[in-house]
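Report on the structure given below.
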Amino acid sequence: MSEYFDSLETRDPAEREAALMAALPGQIAHAQAHGSAMAEILAGVDAQGVTSREALAKLPVTRKSELLTRQKATRSAGGDTFGGFATVRTGPQMPRIYASPGPIYEPEGTVRDYWRTGRALSAAGFRKGDLVHNSFSYHMTPGAFIMESGAFALGCTVFPAGTGQTEQQLEVIADLKPRGYLGTPSFLRILVEKAKESGVDISGMTRGLVSGEAFPPSLRDWFGERGMHVYQSYATADVGLIAYETSAREGLVLDEGVIVEIVRPGTGDPVEEGEVGEVVVTVLNADYPLIRFGTGDLSAVLPGFCPTGRTNLRIKGWLGRADQTTKVRGMFVHPSQVAEIVRRFPEIGRARLVVSGEMANDLLTLVIESPGGRVDDLSTRVAEAIRDVTKLRGEVKVVSPGSLPNDGKVIEDARSYQ
């Protein structure tokens, strides 16, 4: 059987980009016409003119907090459960509704493999006829169903294990001998350790696709030493599969059904290739057409292509959270405020607001990269901008370009809490 899920994975990058950009105007127009939230957010936008990444980058970013705010507002008014973001209604077009913390409610449409996870399972080595042990929760949240839909798309059989009941799950694994595991990496480790402790043979389970948690190389290698080839996928309840790991183990390859941008945290401005920023996704899903959805996750684009022959862009994987909002002297400071300060001074490159000191004695220092020149004058003007934007006094430290780490951090809380 082919290593690839379909021919889309190996198409010419220019062909892929042309297809994505050709689909974009129709998706935006559909969202405007059938979703009241996107109609308001994208008011005045000519959908037919959004045919490039440059044009897309001019549209506003919608973050998860706005989903929650709009959903709460419409529900309290007796209106739409989904805050005007979904374009389908309850009934045959929406077999399930899920709840994520907030609560934020997400619809499921009727399209086969609605979250597109079959591609990730295929890359992890799952094949038609495999029995899969699914240990994601089948309660309220869509995690289990996200993975299950991909397994069904491949022609796999699924045992719906859910979470907990470790001893019973081991008994099932020993009896049914599934080829693969779906779930969090931490629970898989618990299963492996408990199996060794209790003498249960689970050696037939040699594949795994994990998500929902960080998956460090050390844990990946730990599974490998025990005969399990475990890969990771990056998906959310809102947009489905974003990226997936391959046998090359070199970053995560983007899914074919999304347009991904990496932007500076607190803004909608794309960063240079290789720079860490927030993952922003436009999903080609007609039922839940989120345009420039800010995931709140940090990552960066890797140069080149996957050695497996897949030609889509790759990202480094999950590198932390973009929402670094911090309370300073009783007031919240947001990444968007740091971005606003930097935006006022074209001579500033990267910037990082460092909060130091001890409890009740916060010290604010904005570290900025600048090529030099009249440093004292720049520091004075930036300090005034800090006070203007945040209503707090802060110091300014000028460093040379390239001095700040490339980790996407805009606000660093370096205070001592002892």
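The values are calculated or read from the model by the stated rules, or taken from the named source; none is laboratory data. Nothing here was measured: the structure is a model prediction, and the numbers come from that model. When we count neighbours, we look across all protein chains shown, and the Cβ atoms used for this are built from the backbone with ideal geometry, even at glycine.
Keeping to the stretch 134-169, report how many residues are of a type in the set (Val, Ile, Thr), in contact (Cβ under 8 Å) with a residue 40 or more places away in the chain and in a helix (DSSP H, G or I).
So the count comes out to 1.
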Strands (runs of 3 or more DSSP E) lying entirely in the stretch 215-301 (those with 2 or more residues that are in contact with a Gly (Cβ under 7 Å, 6 or more places away or on another chain)): 229-236, 258-263, 277-283, 293-299
The stretch 75-90, residues that are of a type in the set (A, V, I, L, M), closer than 14 Å to Asp238 by Cβ and out of contact with any strand residue (DSSP E or B) (no Cβ under 8 Å at 6 or more places or on another chain): none
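Mind telling me which of the residues Ala43, Ala14 ends up being over 21 Å from the mean Cα position of the chain (by Cα), farther than 15 Å from Gly257 by Cα, without any contact (Cβ under 8 Å) to a residue 12 or more places away in the chain and part of a helix (DSSP H, G or I)?
Only one candidate qualifies: Ala14.
Okay, residues lined up against (1) more than 23 Å from Trp318 (Cα to Cα); (2) out of contact with any Phe, Trp or Tyr (no Cβ under 9 Å at 6 or more places or on another chain):
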{"position": "Ser135", "(1), (2)": "no, no"}
{"position": "Tyr138", "(1), (2)": "yes, no"}
{"position": "Gly143", "(1), (2)": "no, no"}
{"position": "Gly155", "(1), (2)": "yes, yes"}
{"position": "Thr166", "(1), (2)": "yes, no"}
{"position": "Val172", "(1), (2)": "yes, no"}
{"position": "Arg189", "(1), (2)": "no, no"}
{"position": "Glu193", "(1), (2)": "yes, yes"}
{"position": "Asp221", "(1), (2)": "no, yes"}
Odd one out for Val328, checked against (1) crowded, with 16+ Cβ neighbours inside 10 Å; (2) farther than 27 Å from Ala57 by Cα; (3) in contact with a helix residue (DSSP H, G or I) (Cβ under 6 Å, 6 or more places away or on another chain); (4) not charged (D, E, K, R): (3)
Candidates Asp377, Asp413 - the one that is within 30 Å of the chain's Cα centre (by Cα) and either surrounded by 13 or more Cβ atoms within 10 Å (Cβ to Cβ) or not hydrophobic (A, V, I, L, M, F, W, C) (or both): Asp413
Restricting the stretch 59-73 to residues that are among the basic types (Lys, Arg) and touching a residue at least 24 places away in the same chain (Cβ under 8 Å), the residue that is farthest from Gln324 (Cα to Cα): Arg70
Options Gly109, Gly79, Gly91: the member that is in contact (Cβ under 8 Å) with a residue 24 or more places away in the chain and among the small types (Gly, Ala, Ser): Gly109
Sole exception among (1) among the hydrophobic types (A, V, I, L, M, F, W, C); (2) more than 23 Å from the chain's Cα centre (by Cα); (3) at pLDDT 85 or above for Leu284, by number: (2)
Options Leu67, Leu24; residue that is in contact with a strand residue (DSSP E or B) (Cβ under 6 Å, 6 or more places away or on another chain), crowded, with 20+ Cβ neighbours inside 10 Å, part of a helix (DSSP H, G or I) and not aromatic (Phe, Trp, Tyr): Leu67
Residue match in the stretch 189-207 (condition: in contact with a Gly (Cβ under 6 Å, 6 or more places away or on another chain), at negative phi, of a type outside the set (Val, Ile, Thr) and in contact (Cβ under 8 Å) with a residue 60 or more places away in the chain): yes
All positions within the stretch 71-125 that are closer than 14 Å to Ala153 by Cβ and either crowded, with 22+ Cβ neighbours inside 10 Å or among the aromatic types (Phe, Trp, Tyr) (or both): Tyr114, Trp115, Arg116, Thr117, Gly118, Arg119, Ala120, Leu121, Ser122, Ala123, Ala124
Criterion (among the aromatic types (Phe, Trp, Tyr), touching a strand residue (DSSP E or B) at 6+ places or on another chain (Cβ under 6 Å) and surrounded by fewer than 24 Cβ atoms within 10 Å (Cβ to Cβ)) met by exactly one of Phe136, Phe159: Phe159
